[in-house]
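Since every read-out is calculated from the coordinates, none of them should be taken as a lab result. If you're wondering where the values come from, they're calculated on a predicted model, not measured in any experiment. Cβ sites come from the backbone with ideal geometry, for glycine too, and all protein chains shown count toward neighbours.
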Amino acid sequence: MTSATLPGASAAAAFGGRPPAERQAYLPPLLRDPLRAVRIAAARSLADIPDGELEPAMRPLRRALLADFVAAQRAMADMPSAQFNLAALARFNVLFLGALVQVYGKFLSRTRR
């Protein structure tokens, strides 16, 4: 992440703690941001909002970006932060619970060696 990316990604992540109505008002345009880190941070901040409450055009964008985030975390499955990030996402989105189970299984197999 470069210094140019940090403000946008940080702002999108910070909005994750705001009420759903505020997040829905400000974050959907960031799902189309040219910077991947900003798009993923926005998608993560919208992860707990049910599909039915998002604009229909935003649903596939959020889904694809969250899948991209999960793939990135799987690539770092041996890092505790990746496991934490997947657990936090699985809390809101059952679709990504399978990713957490796979990562946890790999972690267990590595720690038992």
In whole Hz and in residue order, list the ³J(HN,Hα) couplings for segment 74-81 that follow from phi through the Karplus curve 6.51 cos²θ - 1.76 cosθ + 1.60, θ = phi - 60°; x for Gly and Pro. 5, 5, 10, 4, 7, 9, x, 5
Could you work out how much longer the chain between GLN24 and ALA88 gets when fully extended? Use 0.36 nm per residue separation minus the Cα distance between them, nm to one decimal. 21.1 nm
For segment 10-21, in order, what is each residue's ³J(HN,Hα) by Karplus, 6.51 cos²θ - 1.76 cosθ + 1.60 with θ = phi - 60°, in whole Hz (x at glycine and Pro)? 5, 5, 5, 5, 5, 5, x, x, 7, x, x, 4
Label point distance in nm, SER81-ALA11, each placed 7 Å from Cα along Cα→Cβ: 2.3
